[in-house]
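Structure, as structure tokens:
The values are calculated or read from the model by the stated rules, or taken from the named source; none is laboratory data. What you are looking at is a predicted structure, and each value in this text was computed from that prediction instead of being measured. Because the Cβ atoms are built from the backbone with ideal geometry, glycine has one as well, and the counts that use them run over all protein chains shown.
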Amino acid sequence: MNSIDKVIEQLLEGGTILYPTDTIWGLGCDATNEEACQKVLALKNRPEEKSFILLVDGFQMLEKYVPEFNQVCYDLADLATSPLTIIYPTSKDLAPSVIAEDGSVGIRITKDPNCIKLIRALKKPIVSTSANLSGQQSPSCYGDIESSMKNNVDAILEDRLAEKMTSPSQIIKIALDGTVKVIR
């Protein structure tokens with residue numbers, strides 16, 4: 001187990017982390033570091049063609065990595081009453097493995113205080129994929145995470161270990177013309 005300072009140190013060094021998010025336990029890294037993202041893919045045993053959800057701390061960071069999107073995204077993110085991941089049609093300056101084949105990227109503006117601390121210390125988005133092996137059910141608490149994953153990440157944020165976390169975010173995809181597609 002590690003303090004938030006140790007987790008930040010590992011993110012800055014290109015490490016992988018396990019951490020509680022605003023939805024479920026996440027497996028993460030610096031979303032601009034392809035080598036770190038490849039480590040996450042290997043830990044999850046996940047196919048490379050599947051992209052990741054990223055977390056940012058606000059619109060200013062979002063705009064740095066998503067150069068063009070429909071203005072309705074501002075309202076949707078501001079008015080969401082529960083965590084909302086939006087798949088944006090374009091992206092830039094991110095690791096190739098976090099971007100979908102069509103160039104889109106899924107990003108959520110987090111409100112979780114620890115996630116915000118991690119993002120602000122890194123000054124970049126972080127990967128937030130569920131802390132499970134690919135194809136398996138997302139863990140509802142820290143105790144449900146596979147020991148192989150716990151043993152092979154570089155740091156684990158020791159916060160909310162006993163808390164049940166079973167609500168992944170809603171995901172919608174928004175085209176440049178404002179067309180909305182509900183993913184989950």
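Which of the residues spanning region 122-161 are closer than 17 Å to residue 33 by Cβ and crowded, with 16+ Cβ neighbours inside 10 Å?
Once the filter is applied, which keeps residues that are closer than 17 Å to residue 33 by Cβ and crowded, with 16+ Cβ neighbours inside 10 Å, region 122-161 yields 122, 124, 125, 126, 127, 128, 129, 153, 154, 155.
Tell me yes or no: at least one residue of region 61-75 is β-branched (Val, Ile, Thr), in contact (Cβ under 8 Å) with a residue 40 or more places away in the chain and closer than 15 Å to residue 31 by Cα.
So in region 61-75, the residues β-branched (Val, Ile, Thr) come out as 66, 72.
With the extra rule that they be in contact (Cβ under 8 Å) with a residue 40 or more places away in the chain, the set shrinks to 66, 72.
Still in the list and also closer than 15 Å to residue 31 by Cα: 66.
Yes, some residue in region 61-75 is β-branched (Val, Ile, Thr), in contact (Cβ under 8 Å) with a residue 40 or more places away in the chain and closer than 15 Å to residue 31 by Cα.
So for region 3-26 (the condition being assigned to a loop (DSSP other than H, G, I, E, B), hydroxyl-bearing (Ser, Thr, Tyr) and farther than 14 Å from residue 128 by Cα), does at least one residue qualify?
Within region 3-26, one or more residues are assigned to a loop (DSSP other than H, G, I, E, B), hydroxyl-bearing (Ser, Thr, Tyr) and farther than 14 Å from residue 128 by Cα.
Show the residue pairs meeting these rules: Cβ distance below 7 Å; 6+ apart or different chains; first residue within region 155-184 and among the β-branched types (Val, Ile, Thr); second residue at pLDDT below 90 and surrounded by 16 or more Cβ atoms within 10 Å (Cβ to Cβ).
Hits for this filter: 156/2.
From 30, 22, 57, which residue is in contact with a Pro (Cβ under 7 Å, 6 or more places away or on another chain) and acidic (Asp, Glu)?
Only one candidate passes the filter, namely 22.
Can you name every residue in region 88-135 that is on the phi > 0 side of the Ramachandran plot and basic (Lys, Arg)?
If the condition is that a residue be on the phi > 0 side of the Ramachandran plot and basic (Lys, Arg), then 123 is the only one that fits.
Determine which single condition residue 42 fails, assuming it passes every other condition in (1) more than 22 Å from residue 175 (Cα to Cα); (2) of a type outside the set (Val, Ile, Thr); (3) in contact (Cβ under 8 Å) with a residue 24 or more places away in the chain.
Only one criterion in (1) more than 22 Å from residue 175 (Cα to Cα); (2) of a type outside the set (Val, Ile, Thr); (3) in contact (Cβ under 8 Å) with a residue 24 or more places away in the chain is unmet by residue 42, namely (3).
Report yes if some residue within region 83-103 is within 17 Å of the chain's Cα centre (by Cα), surrounded by 13 or more Cβ atoms within 10 Å (Cβ to Cβ) and of a type in the set (Lys, Arg); otherwise report no.
Among the residues of region 83-103, not one is within 17 Å of the chain's Cα centre (by Cα), surrounded by 13 or more Cβ atoms within 10 Å (Cβ to Cβ) and of a type in the set (Lys, Arg), which makes the answer no.
Take the residues in region 44-63 that are hydrophobic (A, V, I, L, M, F, W, C) and under 15 Å from the mean Cα position of the chain (by Cα), then tell me which one is surrounded by the fewest Cβ atoms within 10 Å (Cβ to Cβ).
61
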